[in-house]
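Engineer: I am attaching a structure below and will ask some questions about it afterwards.
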Amino acid sequence: MNDVSQSEPARILADVFGFDGFRPGQEPVVSALLGGAHALAVMPTGSGKSLCFQIPALMMDGLTVVVSPLVALMEDQVAALRLAGVAAETINSSRDRPTNVASWRRVAAGQSPLLYIAPERLMTERMLAALGRLPVRLLVVDEAHCISRWGPSFRPEYEDLGRLGTLFPGVPVAAFTATADQTTRADIAAKLFSGRAEIFVSGFDRPNIRLGVEMRRDGKRQLTEFARARAGASGIVYCLSRKKSEETAQLLGSQGLHALPYHAGMEKDERARNQDIFMTEPGVIMVATIAFGMGIDKPDVRYVFHTDLPGSVEAYYQEIGRAGRDGLAAEAQMLYGLDDIRMRRMFIDQEGGDDDHRRREHKRLDALIAYCETPECRRQALLGYFGENPSPCANCDVCENPPEVADGNAVAEQALAVVAGTGQRFGAAHLIDILRGADTEKVRNMGHERLPGYGVGKDLAKDEWRSILRQLVAAGYLELDIKGYGGLSITGRGQALGRGEETFRYRRDTFKSGRTKTAKKSAVVSELGSDETELFTALKDCRLELAHERGVPAYVIFPDRALADMAQRRPANETEFADIHGVGAAKLRDFAEPFLAVIATFAEGATEKTLNQS
């Protein structure tokens with residue numbers, strides 16, 4: 001390691017990356033790595049995890065190897081570093097052999113301090129032997145939750161990374177993730193560092209993301225209303241199956257929206273093409289299974305919409321974390337229904353593993369169901385799972401429209417009586433028909449119109465009964481037949497409720513149609529005046545043109561925050577441009593001229609407009 005002063009990290013932060021100071025949580029991680037310690041950092045998406053290892057990499061006399069799970073993420077990180085004047089390299093399957101060979105030669109010659117590589121390629125004997133001959137000074141595992149069986153995106157090929165400490169003795173290993181509860185953190189630390197690491201948890205809150213959960217009534221209509229209300233915004237729509245991803249992309253396309261599917265069953269080239277369009281073009285909606293998203297570093301995703309219940313709180317948190325990475329207002333909306341619970345329970349039981357694993361996964365699902373059903377602030381429920389205790393957020397559907405919580409003992413008694421009277425084998429739809437006194441062929445054929453409970457709940461609408469039955473299941477009073485067709489049976493706790501030994505209170509779901517309220521604009525945009533907004537738009541056009549010329553996503557040139565800073569401060573020369581957020585030495589050299597030209601042209605137009613009006 002180089003002999004450096006305490007101010008060296010801050011100097012690199014300013015000179016190379018163009019930032020005035022560290023964000024909360026970054027500096028302690030940088031210091032730990034520079035001190036030779038192993039480190040596990042759990043930091044919210046968009047909080048600047050990459051800088052925590054990139055700055056030490058530039059200060060160490062040798063090579064930093066970064067393990068990354070996705071080719072697209074590696075390519076974007078390397079492109080961004082090169083634009084900042086850092087000679088980074090990647091070796092991956094999307095590049096032809098001559099390109100990979102040329103990259104390796106530059107790494108082997110000591111011309112690049114950073115090498116991005118996938119775990120499968122890194123852990124080959126040939127690559128490990130080659131790296132063993134180089135001065136490797138730091139090993140970085142990005143998206144480290146993939147190494148844990150308890151994380152939301154477990155990848156078996158990541159497990160082999162546990163050998164890194166033995167293969168490279170004395171080399172600090174850094175692990176980064178935005179998604180790890182206490183169990184997952186302990187698992188990562190045990191596998192990567194044998195438990196010997198400094199662990200940094202910087203908090204989990206993403207206050208710019210509005211949280212919302214809506215009972216599924218007409219899922220297609222609910223999604224299309226939401227997406228049409230946000231036409232022109234980039235979004236991700238998550239679906240449970242490949243087929244649903246295809247059909248949903250077609251549905252949104254029929255509404256005039258630019259929507260593309262993404263799932264593991266597509267041809268590799270088609271997946272790559274759709275991802276490239278999503279990353280580089282504005283206003284694209286990616287409709288995907290969970291095969292899409294890990295490591296996606298697109299900052300201007302304005303919403304994430306779940307058409308189905310995710311598998312756990314960790315998975316949900318990771319997926320919504322792809323929205324609003326630029327710090328501007330974003331939304332996370334989920335549709336949720338009784339069948340989601342049945343499907344997820346079934347997936348857990350079919351997944352395999354021992355009884356302890358299944359029990360743990362069912363408890364994780366219980367936590368997500370509790371989040372969906374909470375009558376109190378959603379952010380409190382979400383962050384409480386990760387051990388935090390925030391105040392009510394005023395930026396979720398529950399805070400904005402607090403639900404009415406009602407005494408449900410009477411309706412629960414009616415529902416339980418009908419479940420018992422029908423033999424505890426029918427699903428919610430038929431039970432609701434009985435409760436509401438519907439005259440259907442199935443009711444008549446089964447003789448269920450003769451039950452004492454027939455028609456006792458006719459004063460409540462179907463949606464209200466669906467909500468009550470769903471909440472009885474979520475609270476553990478009713479149980480779903482997950483192996484069959486969703487039949488409901490009474491649990492031991494439900495029997496206690498029927499005997500009056502338990503109390504059931506339920507939230508009255510609201511059943512409104514129309515647009516979901518959009519989150520408030522962040523200060524960086526709302527503070528722009530009309531003239532500044534006009535200049536901001538012109539600067540975005542310039543950025544998009546430069547990005548197309550270089551074949552990189554627009555945000556790699558400059559984030560929106562930097563353009564807003566330009567629109568407000570209107571630098572007139574390179575000295576003033578150097579003070580703009582995100583402008584380091586390389587970007588000052590490469591981009592000052594085109595952006596200063598846009599600002600000058602705008603200023604001339606504004607002056608001419610003023611003279612004409614006077």
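All of the numbers you see were taken from the coordinates with simple rules; none came from a lab. All figures in this text were calculated on a predicted structure; none of them were measured in a lab. Please note: Cβ atoms are built from the backbone with ideal geometry, for glycine as well, and neighbour counts cover all protein chains shown.
Engineer: Going by the alpha-carbon gyration tensor, a ≥ b ≥ c the square roots of its eigenvalues, is region 552-602 rounded (a/c under 1.5) or, if a/c is not under 1.5, prolate (a/b greater than b/c) versus oblate?
Structural biologist: Since a/c stays below 1.5, the shape of region 552-602 is classed as rounded.
Engineer: Could you work out the local net charge near Gln424, counting Lys and Arg as +1, Asp and Glu as -1, over the other residues with Cβ closer than 14 Å to its Cβ?
Structural biologist: Around Gln424, the charge tally is -1.
Engineer: Please give the helix 71-83 orientation as an angle from the longest Cα principal axis of the chain, in degrees from 0 to 90, rounded to the nearest 10.
Structural biologist: The two axes meet at around 30 degrees.
Engineer: Sorting Phe602, Phe204 on the 10 Å Cβ count, fewest up front, what's the list?
Structural biologist: Phe602, Phe204
Engineer: Can you compute the modelled spin-label distance between Glu351 and Glu159, with each label point 7 Å from Cα toward Cβ, in nm?
Structural biologist: Rounded to a tenth, the inter-label distance reads 1.4 nm.
Engineer: Give the order of Tyr303, Tyr238 when sorted by the count of other beta carbons within 10 angstrom, beginning with the fewest.
Structural biologist: The most exposed by this proxy come first: Tyr238, Tyr303.
Engineer: Measure nothing fancy, just the Cα-based angle from helix 462-474's long axis to the longest principal axis of the chain, in degrees from 0 to 90, nearest 10.
Structural biologist: Between the helix axis and the principal axis of the chain, the angle is about 70 degrees.
Engineer: Quick one: which of 358-365, 82-89 comes out on top by average Cβ neighbours within 10 Å, and what's the full order, highest first?
Structural biologist: 82-89, 358-365
Engineer: If you don't mind, another one. Can you put Thr374, Thr537, Thr183 in order, fewest other beta carbons within 10 Å first?
Structural biologist: Ranked by crowding around the Cβ, least crowded first: Thr537, Thr183, Thr374.
Engineer: Helix 182-193 against the longest principal axis of the chain: what's the angle in degrees, Cα atoms only, rounded to the nearest 10?
Structural biologist: 40 degrees
Engineer: With the contact rule set at Cα under 8 Å and sequence spacing of 6 or more, what percent relative contact order holds for the chain?
Structural biologist: Once normalised by length, the contact order is 14 percent.
Engineer: I want to check the label-to-label distance for Arg425 and Gln182. Put each point 7 Å from Cα in the C-beta direction and report it in nm to one decimal.
Structural biologist: 4.5 nm
Engineer: If you don't mind, there's one more thing I want to ask. If packing is taken as the average number of other Cβ atoms within 10 Å across a peptide's residues, how do 36-43, 381-388, 330-337 rank, most packed first?
Structural biologist: Put in order of decreasing packing, that is 330-337, 36-43, 381-388.
Engineer: While we're looking at this one, here's another question. What does the charge count around Phe591 come to, taking other residues whose C-beta lies under 11 Å from its C-beta (Lys +1, Arg +1, Asp -1, Glu -1)?
Structural biologist: +1
Engineer: Next question. If you build the convex hull over the alpha carbons only and average its shadow over all orientations, what do you get for the chain? Give it in nm² to one decimal.
Structural biologist: Hull-based average projected area comes out at 32.0 nm².
Engineer: Report ³J(HN,Hα) in whole Hz for each residue of region 399-412, in order, from the Karplus equation J = 6.51 cos²θ - 1.76 cosθ + 1.60 where θ = phi - 60°; Gly and Pro get x.
Structural biologist: Each residue of region 399-412 in turn: 5, 6, 9, x, x, 7, 9, 10, 5, x, 4, 5, 5, 5 Hz.
Engineer: Apply the a/c threshold of 1.5 to the C-alpha gyration tensor of region 209-400 and tell me whether it is rounded, prolate or oblate.
Structural biologist: oblate
Engineer: Run the numbers on region 523-613 and let me know its relative contact order in percent, using alpha-carbon pairs under 8 Å that are six or more apart.
Structural biologist: Relative contact order comes out at 29 percent.
Engineer: For region 161-275, what class follows from the C-alpha gyration tensor (a ≥ b ≥ c being the square roots of its eigenvalues): rounded when a/c is under 1.5, otherwise prolate if a/b is larger than b/c, else oblate?
Structural biologist: Cα axes put region 161-275 in the prolate bin.
Engineer: Here's a follow-up. Across region 132-140, in residue order, what do the Karplus-derived ³J(HN,Hα) couplings come to in whole Hz, using 6.51 cos²θ - 1.76 cosθ + 1.60 with θ = phi - 60° and x for Gly and Pro?
Structural biologist: For region 132-140, the Karplus curve yields x, 8, 10, x, 6, 10, 8, 10, 10 Hz.
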